[in-house]
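**Q** Sharing a structure with you now.
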């Protein structure tokens, strides 16, 4: 946000124009270049005043730019990286473990026993998915505690809001892994498909590179990955103290992922019953 005071013109005529720049500094890599270039923009505006008013004394007309780096004024990189690591670790482990779970049943020949039981595809899915929700809960606790104690990550937002968002994200991951397991025939295939999803998600989600700095096509492609929306949520809650109305769009998108993956997994599993 660039704040131009109402008396900027009078300040310019007096030779001391001032402007305030407030930048979201949660990602130092993204905000650093923007903040560094901001004073030069103000200087160009002052130069324009000089050209339009040649009678002004050139040596008196100087600008002063005040910069506020919000949410991460010290520019500490770990404030941006550690919350993102929570999503990356959950995605890597949960999708892989869940995708291997059902595939292992097929390889070992125990799938016939599951199919012979009086259980619906949804009940079988719950039996395979719920244990990994518990695994995800342990991982979340470890990462949050380590981030707070070892890296002094601020915790500005509400705990229950964060836990609710994480639960939706974890549910989308385990459903994705289950869907992969209904396609893969072997555990090796399931692992390869997991990495085929994980690598572009890691590159296009905004974890490794600033999201706003990527090309338009890359940003559009990144929107199809749950990690992209989760990174926005977890960084907003932890670093900015965001409320529900500020993250609702991203959370609703994660709910959409859950609904779509649930339908695809159940439909695919039914096809494999024959």
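The values are calculated or read from the model by the stated rules, or taken from the named source; none is laboratory data. Just so it is clear, the structure is predicted and the values come from calculations on it, not from any experiment. Glycine also receives a Cβ, built like all others from the backbone with ideal geometry; neighbour counts cover every protein chain displayed.
**Q** Determine if region 80-95 includes at least one residue that is farther than 21 Å from residue 167 by Cβ, in contact with a helix residue (DSSP H, G or I) (Cβ under 6 Å, 6 or more places away or on another chain), in the same structural domain as residue 168 (by TED's automatic domain parsing) and surrounded by 16 or more Cβ atoms within 10 Å (Cβ to Cβ).
**A** No, region 80-95 has no match at all.
**Q** Continuing with this model, one more query. Taking residue 62 as the residue in question, decide whether it is in a loop (DSSP other than H, G, I, E, B) and either assigned by TED's automatic domain parsing to the domain that holds residue 162 or modelled with pLDDT under 80 (or both).
**A** Spelling it out, residue 62 is indeed in a loop (DSSP other than H, G, I, E, B) and either assigned by TED's automatic domain parsing to the domain that holds residue 162 or modelled with pLDDT under 80 (or both).
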